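Only one structure is covered here, and it is reproduced in the block below.
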Amino acid sequence: MSEVPGSEGAAAPAPAAPAVDGGERPSAIPSLIMAIVMAVALCAPAGIVAIIFSSMALSRIGQGHFADARRLISWSWTASMVGMIVWSAVALFLIASFYFRIGPLV
C-alpha cells in the first residue's frame, strides 16, 4: 500500500559503513569548506594543511572510523584558525606600518 508507483525493481540505497568505533557520524564538509576558503583567499600553506586533514577525515568517515575522523576534523579547524591568526597579524602589521610609516614600507 505504501509503495511508490514505478518503484518496482529499483535498487535499495547502499547502507552507510558500519561504525568501527561507535559514536555519532561526524561531518567533515564544514571544515573542508573553511579549508578551501583559507587556501584560496587567506593563507595558502595553512589552507593546504587543513584541506589534507579534512580529506583524510572524509576517508575515515567512509571507513567508519569516527573517532579518528573527529580528531582529524579538529586538526583541520586548528590549521584554519592558525592560518587566520597569522593572516590577521600580517595584515595588522602592514596596516600599522603604512599608517605609522614604520617597517618595510618606509
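Condition first: over 10 Å from the mean Cα position of the chain (by Cα), surrounded by fewer than 16 Cβ atoms within 10 Å (Cβ to Cβ) and among the hydrophobic types (A, V, I, L, M, F, W, C). Now tell me which residues in the stretch 49-86 satisfy that.
Within the stretch 49-86, 67, 81, 85, 86 meet the criteria.
Is it the case that the stretch 12-35 has a residue that's of a type in the set (A, V, I, L, M, F, W, C), more than 24 Å from the chain's Cα centre (by Cα) and either in a loop (DSSP other than H, G, I, E, B) or modelled with pLDDT under 80 (or both)?
For the stretch 12-35, residues of a type in the set (A, V, I, L, M, F, W, C), more than 24 Å from the chain's Cα centre (by Cα) and either in a loop (DSSP other than H, G, I, E, B) or modelled with pLDDT under 80 (or both): present.
Cβ-Cβ below 9 Å, separation at least six or inter-chain, first residue in the stretch 25-48 and under 15 Å from residue 74 (Cα atoms), second surrounded by fewer than 19 Cβ atoms within 10 Å (Cβ to Cβ) and among the hydroxyl-bearing types (Ser, Thr, Tyr): which pairs?
If the second residue must be surrounded by fewer than 19 Cβ atoms within 10 Å (Cβ to Cβ) and among the hydroxyl-bearing types (Ser, Thr, Tyr), the pairs left are 28/55; 31/74; 32/55; 35/55.
The values are calculated or read from the model by the stated rules, or taken from the named source; none is laboratory data. It should be emphasised that the depicted structure is a prediction, and the values quoted were computed from it without experimental measurement. We place every Cβ from the backbone using ideal geometry, glycine too, and count neighbours over all the protein chains shown.
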